[in-house]
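First comes the structure, then the notes that go with it.
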Amino acid sequence: MNDEEKYIARAERMITRWSGQRMPVTRKHTDEGDVLRHSPPATGELDADKHFYVEPPRALPVLATCEVLVVGAGPAGLSAALAAKRAGADTILLERFGCFGGVITTVGMETLAWYRYEGTVEGEGIGVEMERLAAQMGGAIKWPYNDSECLDADFFKVVADRLITEAGVRPILHCMAVDVIFEADSNRLKGIITESKSGRQVVLAKRVIDCTGDADIAHLAGASYRKTPKDKMLGMTTVFNASGVNKQKFLQYTEEKPATYADWSRTWAQETTGKENELRSPYLDQEFDTARELGVIPANSTNLGGSWSALSDAGEATNLNLAHMYGYDATDVMDLTAAEMQGRQEALHALMALKKVVPGFEDAKLRNFGMTLGVRDSRKIIGRYNLTSDDVRNQAKFEDSIGIFPEFIDGYNVLILPTTGRYFEVPYGCMVPLEVDNLLVAGRCVAGDMVSHAAMRNMMACTVTGQGAGVAAAVSVQQGTTTAEVSLDAVQAELQKQGVRLH
């Protein structure tokens, strides 16, 4: 290489660095592999007074391109991706953790639906399909006191893998969405920016479905949303599992001291219809008062109490939903940090109380915590239609229905169980943000007030909106229309083809 060629090569390297591109450079070859080094990024500007750092512009590589991109792989995301693919769209499912399943697998909440006392009417669809497949694969057992299923949270990772693989959905794990990309001079999304071990990259898509639970994509795209004031937000939970439980001894104790939903009202003013009060519930609460009186746990451990779930013959008690934290915002990283640490401590207090007070738990040990906090409440978009308390309590019907959900409300001190066969229809409009097109939002962050959120946040309801969003995204691609303009007749026809009950 002559001097001119060396100069041109140096100049190209400098331009590449100034543009922010990180280019791998082979430094040395050995039998153990090449020694590599990325060019460092260009220097940005730090404004110490305003506490801002301005990043330099840089070129980002495209990781993947698809027709429908689903961000977040919980019950809503799984349903959206499967529905979009079954409706004919090339679909990618992107998830920040290393497994699919969301709250089921990462938090350890075992029930897509725990409300199935006699009289419940379901909307069928992918949510029920996931339960049935888990049971067929040996990953589910009966929930206490009714016909609901308890899913084995770890085994459900395999169930989800099978669903995604057999459907032909393209998976991307360990990848987090951090920004969005719009079409030039429009409000239409065309993709997202991601961060992962592979660096900062781009996924391009014709349609994007936000199934993050916290409306992260809608927020990044500038869609309007609301958040319940922090002091009124539903609590977060650290779910934990225990081993070494004497199953028969514990079940005998629960028969001798049966709990009902009326017991839920012991520590807070709870609104019910009355028909719920005498139903059996897998609930523990007064035991923690006894433990405090005995000095087993601190007197200030006041947010202990809740449900137990599955008990294995091997002595495992899973989905112990007993440690709750209030006054934290799930979209604030420092609040999340504090809640995670407090939750683990409170869960240990709960276990100590169970060991001392509850027969069958004398020799119990901590098996594991969930991978992350269980979050019930954060952002809710402002949609084309915003669901109301009246809608979910009074069997609302909508021309743009994308499914039904039983009259099940659990949150903000309201508990209504669907024992009379009542249900409401879920409108497409609650998934459509006002300011951003080619974006649909599914899961617990759909549009509505607090009481409607207490219904729509439940996992089976999330599968209803997920499947509706997946079908709508795929149909809009086929029609060449946006998600705001898609034919609802065509969407409903495809949903019915997929086995969804609309009315």
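Centre-to-centre separation between the Cα atoms of the range 316-365 and those of the range 443-468: 26 Å. Across the range 235-369, C-alpha contacts under 8 Å between residues 6 or more apart give a mean separation that, scaled by the residue count, equals a relative contact order of 41 percent.
Peptide packing for 458-464, 238-244, 195-201 was compared via the average number of neighbouring C-beta atoms within 10 Å per residue; ordered from the highest value, the list is 458-464, 238-244, 195-201.
Where the alpha-carbon atoms of the range 235-369 are placed on the principal axes, they occupy 43, 38, 28 Å, in descending order. Inter-label distance, Leu279 to Leu36: 5.5 nm, where each label sits 7 Å from its Cα along the C-beta direction. Taking the average, over residues, of other Cβ atoms within 10 Å as the packing measure, peptides 334-347, 97-110 rank 97-110, 334-347 from highest down. With the simple spin-label model, which puts each label point 7 Å out from Cα in the Cβ direction, the Ala493 to Thr43 separation comes to 6.3 nm. Computed over every Cα-Cα pair of the chain and binned at 20 Å starting from 0, the pair-distance distribution P(r) comes out as 22, 51, 23, 4, 0 percent.
DSSP beta bridges fully contained in the chain are about 70 percent antiparallel.
Across the range 380-503, Cα-Cα pairs farther apart than 26 Å form 15% of the total. With 0.36 nm allotted per residue and the present C-alpha distance subtracted, the Gln252-Arg266 stretch has 2.8 nm of extension available. Helix 333-357 and the longest principal axis of the C-alpha atoms of the chain enclose an angle of approximately 30°. Packing here is the average count of other Cβ atoms within 10 Å per residue, and on that basis the peptides 373-381, 152-160, highest first, run 373-381, 152-160. The Cα-based radius of gyration of the range 128-196, divided by its Kirkwood radius, gives an Rg/Rh of 1.20.
Here the extension length gained between Asp3 and Thr388 equals 131.3 nm, from 0.36 nm per residue of separation less the Cα-Cα distance. Here, the range 148-236 yields an orientationally averaged convex hull projection of 9.2 nm² when only Cα atoms define the hull.
Output the 0 to 90 degree angle, nearest 10, between the alpha-carbon long axis of helix 459-479 and the longest principal axis computed from the alpha carbons of the chain. Roughly 30 degrees, rounded to the nearest 10. Here the sum of -39500 (n - 2.57) over DSSP H runs of 4 or more residues, divided by the residues of the chain, equals -9000 deg cm²/dmol at 222 nm, to the nearest 500. Remark: the Lys142-Glu55 segment gains 26.0 nm on full extension, using 0.36 nm per residue and subtracting the alpha carbon distance. With the Kirkwood sum run over all distinct C-alpha pairs, the range 191-290 has a hydrodynamic radius of 19.0 Å.
Taking a sphere under 15 Å around the Cβ of Tyr328 and counting the other residues whose Cβ falls inside, with K and R at +1 and D and E at -1, yields a net charge of -2.
The numbers here are math on the coordinates, done by the rules we state, and not lab data. Please read all numbers here as calculations on a predicted model, not as lab measurements. Please note: Cβ atoms are built from the backbone with ideal geometry, for glycine as well, and neighbour counts cover all protein chains shown.
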